[in-house]
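Following: one structure in structure tokens, then a few remarks.
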Amino acid sequence: MRAVTSPSPHSPDPDDAAAGVDVVLPCLDEADALPWVLRRIPPGWRALVVDNGSTDGSADVAAALGATVVREPRRGFGAACHAGLAAATADVVCFCDCDASLDPSLLVPFVREVCAGRADLVLGRRRPQGPGAWPAHARAGNLALSRMLRSRTGLRLRDLGPLRAARREALLGLALTDRRSGYPLQMVVRAADAGWRVAEHDVPYLPRTGASKVTGTWRGTWQAVHDMRRVLAEPPVHHAVEGGRSR
């Protein structure tokens with residue numbers, strides 16, 4: 001049974017999701033995609049572009065467009081995401097890929113759902129828009145992981161996509177340790193272990209700008225699957241937080 005929590009008194013108003021939100025954007029050589037992504041950050045929200053060792057000037061592009069740039073020299077998707085979470089100060093934190101495959105403005109109803117206390121973690125289920133948006137090998141890996149996640153936690157999710165929203169303090173309380181491709185999955189697994197209510201909503205998934213660093217090849221996809229299988233094999237962590245409150 002999922003925990004029921006009330007919105008924090010410091011949370012943004014559920015009817016004004018433009019207040020007090022940080023969006024973590026892990027970034028590795030995404031200079032071409034950044035203008036599209038950053039233009040779609042909702043007004044009043046802060047974009048935290050976490051530069052993970054880019055060599056194409058991504059950090060300069062992000063700063064010129066008004067984003068807050070966080071440097072994370074240790075390579076890894078999870079390392080970049082967690083650096084962004086550590087740098088965040090807003091009550092609600094969102095995550096979004098920085099490759100123009102997902103529109104960060106779609107996070108507004110996710111934040112409203114968290115602030116209203118209807119869910120503790122809200123995820124986007126990717127719905128491919130046109131050929132090439134989501135290669136077959138990436139879909140196959142995602143399906144396999146969704147089934148393993150259901151067996152491990154009972155959550156009947158259909159995607160483990162990167163578009164998501166939750167409260168910052170609660171996320172920090174999950175004590176996430178993976179710094180590679182298993183980070184998004186570990187977040188969901190530990191949230192489930194802590195009794196969080198996890199919601200999933202369809203979002204359009206566009207062909208990305210540039211080549212994928214993880215799922216662009218079968219080898220990259222199955223390396224990610226290997227990382228995530230390691231996460232699924234971890235025993236439950238009992239010191240996590242329950243919704244927005246510590247156990």
Checklist outcome for this item: When (1) closer than 24 Å to L107 by Cα; (2) surrounded by fewer than 17 Cβ atoms within 10 Å (Cβ to Cβ); (3) touching a helix residue (DSSP H, G or I) at 6+ places or on another chain (Cβ under 7 Å); (4) among the aliphatic types (A, V, I, L, M) are applied to L143, the one that fails is (3)
Checklist entry - Got at least one residue in segment 99-108 being closer than 28 Å to P236 by Cα and either buried (at least 23 other Cβ atoms within 10 Å of the Cβ) or aromatic (F, W, Y) (or both)? => result no
Next on the checklist: Can you tell me which residue is surrounded by the most Cβ atoms within 10 Å (Cβ to Cβ) among those in segment 156-186 that are in a loop (DSSP other than H, G, I, E, B), of a type in the set (A, V, I, L, M) and modelled with pLDDT under 95?
Outcome noted: L160
Item to check | Number of positions in segment 31-63 that are among the β-branched types (V, I, T) and touching a Lys or Arg at 6+ places or on another chain (Cβ under 7 Å) | outcome: 0
Next on the checklist: Looking only at segment 21-59, count every residue that is of a type in the set (S, T, Y) and not in a loop (DSSP other than H, G, I, E, B) and tell me the total.
Outcome noted: 1
Checklist entry - Is at least one residue of segment 19-42 modelled with pLDDT under 95 and of a type in the set (G, A, S)? => result yes
Item to check | Residue tally, condition within 17 Å of D97 (Cβ to Cβ) and in a helix (DSSP H, G or I), over segment 60-80 | outcome: 6
Checklist entry - Across segment 110-134, what is the number of residues that are within 13 Å of A165 (Cα to Cα) and of a type in the set (G, A, S)? => result 4
Next on the checklist: So in segment 148-170, with the set limited to residues that are of a type in the set (A, V, I, L, M) and in contact with a strand residue (DSSP E or B) (Cβ under 9 Å, 6 or more places away or on another chain), which one is nearest to G124 (Cα to Cα)?
Outcome noted: L163
Checklist outcome for this item: All conditions in (1) more than 17 Å from A116 (Cα to Cα); (2) at pLDDT 95 or above; (3) crowded, with 19+ Cβ neighbours inside 10 Å are true of A90 except (1)
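The values are calculated or read from the model by the stated rules, or taken from the named source; none is laboratory data. Here the structure is a predicted model, which is why all the values come from computation and not from measurement. When we count neighbours, we look across all protein chains shown, and the Cβ atoms used for this are built from the backbone with ideal geometry, even at glycine.
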